[in-house]
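Novice: What follows is a structure written as structure tokens; I'll ask about it next.
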Amino acid sequence: MDSESLLKYVQEEYSERIIGGEMVKGVPVFEVKPEKWVSLCGMLRDDSDTMMHSVSNYTAVDYREKHGGFKLVITIFSHILNHRLTLETLLPAKDDEIPEIETLATVWPTTIWFEREHAELFGIEFINHPDPRHLMLDDDWDEGYPMRRGWTGTDFVVKPDK
Amino acid sequence: MGLVKETTSGIYNLLLGLWVTFKHLFRKPVTLQYPDERWEMPERSRGTIVLLSDPETGELNCTACMLCAKACPVAAITIERKKDPETKKNYPTLFTLDTTVCCYCGLCEQACNFDAIKLTGKYEFSVSDKSELLYEMDFLQEIGRDVKYVKKKKAAKKAKKAAPKKDTGEKSAEKPAAKTAEEKKEDSNEEDKAKDKTSGEPKEKGPEDKTE
Amino acid sequence: MLELRPIFDAIGEFLNSILPEFWVTIVSAFGTGAIILGVASVFVLFFVWWERKVSAHMQQRYGPMRTGWHGWLQTIADGVKLLQKEDLIPRDADKLVYLFAPVVCFVAAFLAYVTIPFGEGLIVQDLNIGILYIIAITTFTVVSLLMAGWASHNKWSLLGGMRSAAQIISYEVPLSLSLIGVIMIAETLSMVSIVVQQEGWFWNWYVFRQPLGFIVYYIAATAEANRTPFDIPEAEQELVAGYNVEYSGMKWAMFFFAEYINMLTISAIAVTLFFGGWHAPAPFLDFIPSWIWFVGKCLLSVFVLMWFRWTYPRVRVDQLMAFAWKFMLPLAFVNIILTGFGIYLF
Amino acid sequence: MSVKQLRTEEMLINMGPQHPSTHGVCKLVIKMDGEEVKYIQPHVGFLHRSIEKIAENRNYPQFVPYTDRIDYCASMNANHAYVVAAEKLGDVEIPERAEYLRVIMAELNRIASHLVWLATFTIDLGAVTPFLYAFREREDILDLFEMTCGQRLTYNYMTIGGVGWDIPKEFEPKLRQFLKIFPSRIDDYEDLLTNNPIFLHRTKGVGVLPKETAYEYSVSGPSLRGSGVKWDIRKAEPYSIYDKFDFDIPIGTEGDAWDRYKVRLQELRESAKIVEQAIDGLPGGDFKKKVPLTWKPPEGEVFCRIEAPRGEMAYHIISDGTPKPYRMKIRTASFCNLQVLPIIGVNHMIADLVAIFGSLDIILPEVDR
């Protein structure tokens, strides 16, 4: 399926689960309701017209200033049909709040490590995560969430501007 | 039958492997005996960073424009500058390169418009004390004296001018380092060594000349 | 000629003339022991250097080049370095066993040289059960490896020790059986007698009457000596270094020494039993001293072992076992049966 | 004591962080029943440098040297992934010569990277000699890189808007000579390994990665193709100018270590083919478009992926209109490929675990970033 028809197809088929969809640089991007996040992903995987077997990338973005929360962005694609799309969801959070969302590990096991990384670096809690340990940081890390904007840790030096 | 086939193909392939290694036994080794033989570093090698000086006056090319310091992704370069009241030109009073953080990316050389900073093919810069890796301006200038380079601007003109001067400068060794922009392929080690010696003397003289 | 036997005879006579018989025995025992030790040490030093050179040139490198001509002093320099190294003993190690493991390994490797004829008459003691003795004594290595693996109190070395026990005991069986063919033809267990029987042209060598036996012996012996492709007890990539992972300095060097000595041992046995021992391939070449022929053949065999090592990957432990029991053992039996038929027919 | 009363115990072993076969600093906590591995848990993060955080504090052109450090065996490809993404973000058109040079360098680096893989894989299996043969050829490629950009490992060659340096004039003859001898060198490797019975026994049927598992865990690159999936981003979503070249995608059938080995060896030949076509068709002209240090891409975000030697490497860059990225996510192949190790590695011997780890071609700085 080409991107245009994929955009239309998902918009029509899953209209109650998404907030909006648009074309960004040739790839369909959908804003998903956080509570429908996991179910939509599961459906896109199982739907024989989309067949989103694989995850290309899974990101968290700190948009607390701009949109008042964290965004999860997942790019999924199909090896067989050779198309991809991006799903976004906004998790509202202010300041030091820790937003929660259901884990995607039940849909694509590869997201286990991605979510472990997001959990420790961004401070997003994934409910029912099968392996909620730290991935990159020490087990006894207590300096907050390094990838959040404006984080300052003991060893962190922003490059001095000259 | 399968076993026989497997065994014969196995034996054949085992012998084939032996033949490959045996063949290599008589080939010439491809490695270098490092301290005795040395790799000739290519022109563009990105090793030790040096500050280049003008071959005629022996002064630094650097105008302390700060472009390199800004381009450096790891903030390894620190520059302080002053303005010469007579010529209205900027010159650096402090130029420090922290090679402990330097990643030899070459962005400073690309940013420089005045042929002041260059990454060279020198690679033996290990020291036993970490503090020695903080290169000061004088040191950077000193190790850059024998570096040949092509002027980005006015290259051809200068090269012609400097060519006759070069010989006299080297022989008399009175005038500081006549290492010109001339691009000659002088590869033999002995010549290089000779140059090191001759350039050694101007090293001390260079700053004196400047102050006078 | 350059035969060494007359020299030793002369020394013996000289000793007999100045000392009582009891003391002659003592002095000659220690003397031969020292000579064997010295000769073997020189061989080991040479093998280590040679292996480095062979591997280097097979890989288009130079190998050691800096100490002496083409680095021939490198092994000695390494030995001096190993002597100077701090001798570490792990805190939880079983100290006594830990200390004795390299000694046992070392001694077991050397004891085999009692019955190896280095040349015409150059043998410490021509035992009438020579082959049996060698088979018995070389198996001792496994005890030392197991001791080392167990006593180090390290999981990796324990795995290595266990592997070596399983491996060496398994390969002992086809190894012993492969030699039976030779014994059946020669009708003796004495090493000297077997060599004497192979006199004359090279087609008298037993390798031409026992090709299968030789192949089985050589493969099994490679496994016995822990050489690649059968070096699983010390597989660096899997077990870090296996049984000797906790050893350092001279203790480690003793294991190393024993490994290279074993390489010479298996080559010497192969030469003695299958390649006519000290005999020249043709009678007219007899003017070259017998010990040179023996050493030359041994070196060739050692080179082949090195060649194997720098060509092949390592087999897996279960495949190694399966190979021993399912392939080598039947082959050894087939060899015995064929030999029996051969003797019956001719 | 009867056999039933014999007590066996599983042994817990830390494999790494200092273990010769974990290719860097990866720790595998394994439970072993005798020689058999019953449970694997990878621990990563020993090399975590938070390059994504660094990216938020650097200008776009300044970040290129950091991409070198993500995958030090294939820095060119890491460069390529970043500059392609950044150019897509800022709609930068680059000269055609630069595209060709990029492809040449990227494919040469793919060869070099696969050679490093071949070297370490064979050494994992206990064969030392192919290691040095592979490094001998890699050395030739590194010489080419060094004469072009001055470095042998961290190239910083591709810049936003083109490439940093044009190739020197001695580059082409040397490259052609390399391409001439390279196929015979691959034949040498094949003679040494491919049908060697010991090698076959060590790799056939070891670490079988079924297609479905590969999909679920987003395995990419040669490891995926070894499982019989014809998926290569160079063909599926052609970036740069890969649609101009003629090459095949080798695939395996079983998905075992031997198939992954075969696929990579075949890719060596395919990459050499691409380099040959690219050097033949190399156009003249400019090689670089000046992009200032304070280059500001328009606000927006971009996700761009390329086929790196280890699989899919992708950059997700979010720009807020300033000279520094707002957020940069780097998706690396090893990060996903390593996740599959606990699945396909269990119920194998420890020696097989080493072989499987080697055959997946994990590189740790890429996992940790």
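Novice: Let me check against my output: what whole-number percent is the relative contact order of chain D, with C-alpha pairs under 8 Å and at least 6 apart? Spell out each step's value before the answer.
Specialist: Values: 730 pairs, mean separation 98.6, N = 369.
About 27 percent, as a whole number.
Novice: Once you've got the GNM for chain C with C-alpha springs shorter than 10 Å, pick whichever of C:Asn226, C:Asn244, C:Asn154 has the biggest mean-square fluctuation.
Specialist: Result for chain C, Cα springs under 10 Å: C:Asn154 fluctuates most.
Novice: Taking beta carbons within 10 Å but only from partner chains, what does the mean come to for residues D:192-205?
Specialist: Working: counts 10, 5, 2, 7, 9, 12, 14, 5, 5, 8, 6, 1, 0, 0.
Across D:192-205, the average partner-chain Cβ count within 10 Å equals 6.
Novice: Modelling each spin label as a point 7 Å along the Cα-to-Cβ direction, I'd like the B:Ala75/D:Asp143 distance in nm, to one decimal.
Specialist: 4.2 nm
Novice: Pick from C:Phe284, C:Phe294, C:Phe327: which is most flexible by mean-square fluctuation in a GNM of chain C where alpha carbon atoms under 10 Å apart are linked?
Specialist: C:Phe284
Novice: Under 12 Å Cα to Cα from D:Lys262, which aspartates and glutamates show up? Leave out anything in the same chain fewer than 8 places away.
Specialist: List returned: D:Glu190, D:Glu254.
Novice: For region C:155-223 and region B:64-126, what is the centre-to-centre distance using only Cα atoms, to the nearest Å?
Specialist: 71 Å
Novice: Let me ask something additional. Give the long-range amide H neighbours of D:Leu209: residues separated by 5 or more places, or on another chain, with amide H under 5 Å away, using H modelled in the peptide plane at 1.01 Å from N.
Specialist: D:Asp256
Novice: Would you mind calculating the gained length between D:Lys180 and D:Lys211 on full extension (0.36 nm times residue separation, minus the Cα-Cα distance), in nm to one decimal? Could the numbers behind the result be given before it?
Specialist: Numbers: separation 31, 0.36 × 31 = 11.16 nm, distance 3.61 nm.
This chain segment gains 7.5 nm when fully extended.
Novice: Rounded to the nearest 0.05, what FRET efficiency is calculated for A:Lys33 and B:Glu37 with R0 set to 45 Å and r the Cβ-Cβ distance?
Specialist: E(calc), rounded to 0.05, equals 0.10.
Novice: Also: Calculate the mean, over all residues of peptide D:51-61, of how many other protein chain Cβ atoms lie within 10 angstrom of the residue's Cβ. Could you put the intermediate results ahead of the total?
Specialist: Details: counts 0, 5, 8, 4, 0, 4, 7, 3, 4, 0, 5.
The mean count of partner-chain Cβ atoms within 10 Å per residue comes to 4.
Novice: Here's something else I'd like to know. Would you please put D:237-243, D:158-164, D:332-338, B:28-34 in order of how densely packed they are, using the mean number of other Cβ atoms within 10 angstrom per residue and starting with the highest? Numbers along the way, then the final one.
Specialist: Details: D:237-243: 16.3, D:158-164: 24.6, D:332-338: 27.7, B:28-34: 11.9.
So the peptides D:237-243, D:158-164, D:332-338, B:28-34, ranked by packing, come out D:332-338, D:158-164, D:237-243, B:28-34.
Novice: Dimensions of region D:165-265 along principal axes (Cα, Å, largest first)?
Specialist: 47, 36, 22
Novice: If you don't mind, there's one more thing I want to ask. Sorted from largest down, give the three principal axis spans of the alpha carbons of region C:162-290, whole angstrom values.
Specialist: That works out to 52, 30, 23 Å along the principal axes.
Novice: Okay, next question. Separation between the C:Val143 and D:Glu96 pseudo-spin-labels, each 7 Å from Cα along Cα→Cβ, expressed in nm?
Specialist: 8.0 nm
Novice: What size of dipole, in debye to the nearest 20, comes out for chain C about its Cα centre when the only charges are +1 on Lys and Arg C-beta atoms and -1 on Asp and Glu C-beta atoms? Let's see the in-between values first.
Specialist: Values: 19 positive and 24 negative charges, 202 e Å.
Magnitude of the dipole: close to 960 debye.
Novice: Using a Förster distance of 22 Å, how high is the FRET efficiency between B:Val150 and B:Val101, based on the Cβ-Cβ distance and rounded to 0.05? Show your work: numbers first, answer last.
Specialist: On the way: r = 29 Å, r/R0 = 1.30.
Computed FRET efficiency for B:Val150 and B:Val101 comes out at 0.15.
Novice: Separate question: So, how do all the Cα-to-Cα distances of region A:3-97 break down into 10 Å bins, in percent, from 0 on up?
Specialist: Values per bin, smallest distances first: 16, 51, 26, 7, 0.
Novice: Report, in deg cm²/dmol and to the nearest 500, the calculated mean residue ellipticity at 222 nm for chain A, where each DSSP H run with n ≥ 4 adds -39500 (n - 2.57) and the sum is divided by the residue count.
Specialist: On the way: 3 runs with 33 residues, N = 162.
-6000 deg cm²/dmol, from helical runs alone.
Novice: Also, quick follow-up: Loop only by DSSP, 10 or fewer other Cβ within 10 Å of the Cβ. Give me the GluC sites (Glu not before Pro) in region D:53-95 that pass, ordered by residue number.
Specialist: Values: sites: D:Glu56, D:Glu87, D:Glu93; in loops: D:Glu56, D:Glu93.
Sparse-neighbourhood loop GluC sites (Glu not before Pro): D:Glu93.
Novice: Distance check, please: which entries in D:Lys235/D:Lys273; A:Lys94/D:Lys329; D:Lys180/D:Lys244; C:Lys297/C:Lys326 exceed 20 angstrom between their Cα atoms? Mind showing how you got there, number by number?
Specialist: On the way: D:Lys235/D:Lys273 15 Å; A:Lys94/D:Lys329 22 Å; D:Lys180/D:Lys244 22 Å; C:Lys297/C:Lys326 31 Å.
Over 20 Å Cα-Cα: A:Lys94/D:Lys329; D:Lys180/D:Lys244; C:Lys297/C:Lys326.
Novice: Would you calculate, for chain C, the mean residue ellipticity at 222 nm contributed by helices, counting each DSSP H stretch of 4 or more residues as -39,500 (n - 2.57) and dividing by all residues, to the nearest 500? Mind dumping the intermediate values first?
Specialist: Numbers: 14 runs with 227 residues, N = 346.
My calculation for chain C gives -22000 deg cm²/dmol from helical runs alone.
Novice: Stick to Cα atoms and the Kirkwood definition of Rh, then tell me Rg/Rh for region C:208-346. Display every interim value, and only then the final one.
Specialist: Values: Rg = 17.8 Å, Rh = 17.0 Å.
Rounded to two decimals, Rg over Rh is 1.04.
Novice: Shape verdict for region D:46-367, please, from the Cα gyration tensor: rounded (a/c under 1.5), prolate (a/b greater than b/c) or oblate. Don't jump to the answer; show the numbers that get you there.
Specialist: Values: a/c = 1.98, a/b = 1.36, b/c = 1.46.
It comes out oblate by the Cα gyration axes.
Novice: Find how much the distance from C:Phe287 to C:Val39 grows on full extension, using 0.36 nm per residue of separation minus their present alpha carbon separation; answer in nm with one decimal. Working shown, then result.
Specialist: Details: separation 248, 0.36 × 248 = 89.28 nm, distance 2.31 nm.
Stretched fully, the C:Phe287-C:Val39 segment lengthens by 87.0 nm.
Novice: Sort the following peptides by mean Cβ neighbour count (other Cβ atoms within 10 Å, averaged over residues), highest first: C:62-68, A:102-108, C:339-345. Mind dumping the intermediate values first?
Specialist: Numbers: C:62-68: 16.4, A:102-108: 20.1, C:339-345: 11.7.
Highest to lowest by the protection proxy: A:102-108, C:62-68, C:339-345.
Novice: Now a separate question. So which trypsin sites (Lys or Arg not before Pro) in region D:169-257 pass both tests, a DSSP loop state and at most 10 other Cβ atoms within 10 Å of the Cβ? All intermediate terms of the calculation are to be shown ahead of the outcome.
Specialist: Working: sites: D:Lys169, D:Lys174, D:Arg176, D:Lys180, D:Arg185, D:Arg202, D:Lys204, D:Lys211, D:Arg225, D:Lys230, D:Arg234, D:Lys235, D:Lys244; in loops: D:Lys169, D:Lys204, D:Lys230.
Loop-located and lightly packed - D:Lys169.
Novice: Oh, and also: Taking the inverse of the average 1/r across all pairs of different Cα atoms in region C:7-345, what Kirkwood radius in Å do you get? All intermediate terms of the calculation are to be shown ahead of the outcome.
Specialist: Numbers: mean 1/r = 0.0472 Å⁻¹.
When all Cα pairs of region C:7-345 are included, the Kirkwood radius is 21.2 Å.
Novice: State the antiparallel share, in %, of DSSP beta bridges confined to the protein assembly as shown, rounding to the nearest 5.
Specialist: Working: 71 of 78 bridges.
Close to 90 percent.
Novice: I'd like to know how region D:225-369 sits against the 2.2 N^0.38 Å rule of thumb: what's its Cα Rg over that expected value? Walk me through the numbers before you get to the answer.
Specialist: On the way: Rg = 18.8 Å, N = 145, 2.2 N^0.38 = 14.6 Å.
Compared with the compact-globule rule of thumb, region D:225-369 sits at 1.29.
Novice: Take every residue in peptide D:146-153, count the Cβ atoms of other chains within 10 Å of its Cβ, and give the average of those counts. Please list the in-between numbers first.
Specialist: Details: counts 7, 5, 2, 5, 13, 8, 2, 1.
If you average over the peptide's residues, the count of other-chain Cβ atoms is 5.
Novice: Sticking with this structure for a sec: Out of region B:1-84, which chymotrypsin sites (Phe, Trp or Tyr not before Pro) are coil in DSSP terms and have no more than 11 other C-beta atoms within 10 Å?
Specialist: Working: sites: B:Tyr12, B:Trp19, B:Phe22, B:Phe26, B:Trp39; in loops: B:Phe26, B:Trp39.
The qualifying sites are B:Phe26.
Novice: Counting only helical runs of four or more DSSP H residues, what would the 222 nm mean residue ellipticity of chain D come to if each run contributes -39,500 (n - 2.57) and the total is spread over all its residues?
Specialist: Details: 15 runs with 171 residues, N = 369.
That comes out to -14000 deg cm²/dmol.
Novice: May I ask you to derive the FRET efficiency for B:Thr7 and C:Phe202 from their Cβ-Cβ distance with R0 = 35 Å, giving the value to the nearest 0.05? The partial results should precede the final answer.
Specialist: Working: r = 28 Å, r/R0 = 0.79.
So the FRET efficiency works out to roughly 0.80.
Novice: For the protein assembly as shown, take N as its residue count and report Rg(C-alpha) divided by 2.2 N^0.38 Å.
Specialist: Numbers: Rg = 34.5 Å, N = 1089, 2.2 N^0.38 = 31.4 Å.
Cα Rg divided by the expected 2.2 N^0.38 Å: 1.10.
Novice: Put a dot 7 Å past each Cα toward the Cβ at B:Asp138 and C:Lys85; how far apart are the dots in nm?
Specialist: 4.6 nm
Novice: Eigenvalues of the Cα gyration tensor times 5, then square-rooted: what semi-axes does that give for region B:49-146, in whole angstrom, largest first? Walk me through the numbers on the way to the answer.
Specialist: Working: eigenvalues 95, 44, 34 Å².
Semi-axes (√(5λ), whole Å): 22, 15, 13.
Novice: State, as an integer percentage, the relative contact order of region B:1-126 based on alpha-carbon contacts under 8 Å between residues 6 or more apart.
Specialist: On the way: 152 pairs, mean separation 36.5, N = 126.
Averaging sequence separation for qualifying contacts and normalising by length gives 29 percent for region B:1-126.
Laboratory data are not the source of any read-out in this text; all were calculated from the coordinates shown. Please read these numbers as outputs of a predicted model, since none were measured by experiment. Reconstructed Cβ throughout: ideal geometry from the backbone, glycine too, with neighbour counts over all protein chains shown.
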